[in-house]
Amino acid sequence: MSKLNIVLFGPPGAGKGTQSNFLIERYGLVHLSTGDLLRAEIKAESQLGLQAKELMDAGQLVPDAVVIGMIRNKMEAHLDAKGFIFDGFPRTKAQAETLDEMLDAKSEPITAMLALEVPEEELIKRLLGRGATSGRSDDQDESIIRNRIREYTTKTAPLKDYYSAQGKFKAINGVGSLEEITGRLVEAIG
Ligand code: AMP
């Protein structure tokens with residue numbers, strides 16, 4: 001059976017992490033979140049974590065080579081996976097191209113890119129709400145949140161065209177109850 005490799009896409013606060021949890025359980029996939037991996041590096045006070053922290057605290061992207069290296073390691077550690085959910089990766093064209101190269105080498109291409117769509121003011125409301133309980137410093141300051149959304153708009157949103165050209169882009173309404181949104185994702189996966 002061919003593997004199910006899903007890119008779960010969307011701006012910060014769109015619900016990628018929450019929805020990933022439902023999808024990994026339903027389809028038995030391995031969750032690859034570069035944000036989670038970076039926060040683990042920060043917690044471990046590794047060299048990589050120290051370098052990434054400054055950029056993350058400012059709401060900027062960390063360098064492509066850093067996140068690509070982390071994804072490569074994780075994929076190699078899960079060679080027998082039924083598939084992956086990529087959450088928060090790729091975020092630039094260079095990352096998307098490298099991911100395609102890695103997957104092409106194994107003949108296990110991306111199945112679909114599911115893009116959760118949520119209006120900006122709703123994102124800010126959700127992120128500030130999350131910041132009150134998550135302990136994530138990048139969720140607690142509106143100017144950092146707006147920076148992250150700006151990074152998304154300029155560097156990440158163009159990936160919709162990249163995946164559209166491959167016939168893999170699917171827009172998903174990201175507003176509604178958690179169950180409704182999961183239902184839309186499951187329907188899109190088919
Ligand atoms: P997230 O948990 O996905 O919202 O990511 C939190 C922060 O980690 C982002 O604001 C970026 O600074 C950094 N980050 C996570 N994933 C990536 C990525 N694929 N490329 C560059 N930076 C990333």
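The values are calculated or read from the model by the stated rules, or taken from the named source; none is laboratory data. In this text, all values refer to a predicted model and were calculated from it rather than measured experimentally. Heads up, the Cβs are rebuilt from the backbone with ideal geometry, glycines too, and the neighbour counts pull from every protein chain shown. Heads up: the accessible areas ignore ligands, DNA and RNA and are worked out on the full protein's heavy atoms, side chains in. Shrake-Rupley method; radii C 1.70, N 1.55, O 1.52, S 1.80 Å.
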For region 1-48, count all C-alpha to C-alpha pairs, find those more than 18 Å apart, and express that count as a whole percent of the total. 41 percent
P(r) for the chain, please, calculated from all Cα pair distances in 10 Å bins and given in %. 9, 38, 39, 14, 0
Accessible area (Å², per residue) of region 34-92, counting only protein heavy atoms and a probe of 1.4 Å: 53 Å²
What's the local net charge at Ile24, with K and R +1, D and E -1, over the other residues with C-beta under 11 Å away? 0
Please go through the residue pairs Lys53/Lys155; Lys43/Lys125; Lys93/Lys125; Lys93/Lys170 and name each one whose alpha carbons sit more than 22 Å apart in this structure. Lys43/Lys125; Lys93/Lys125
Summed residue charge, Cβ within 14 Å of Ala44's Cβ, Lys/Arg positive, Asp/Glu negative: 0
Spacing of the two label points (7 Å from each Cα toward its C-beta) at His78 and Asp64, in nm: 2.4 nm
Please report the relative contact order for the chain, taking Cα pairs under 8 Å with a sequence separation of at least 6, and give it as a percent rounded to a whole number. 33 percent
If the reach is capped at under 13 angstrom between alpha carbons, list the aspartates and glutamates near Lys106, excluding any in the same chain fewer than eight residues apart. Glu76, Asp80
Between Gln47 and Thr154, what length comes free when the chain is fully extended (0.36 nm per residue of separation minus the Cα-Cα distance, one decimal in nm)? 35.7 nm
Over region 115-160 - Rg/Rh using Cα atoms and the Kirkwood inverse-distance radius: 0.99
Roughly what % of Cα-Cα distances in region 107-190 sit above 21 Å, to the whole percent? 44 percent
Could you compute the net charge surrounding Gly190? Neighbours are other residues with a C-beta less than 14 Å from the C-beta of Gly190; K and R count +1, D and E count -1. +3
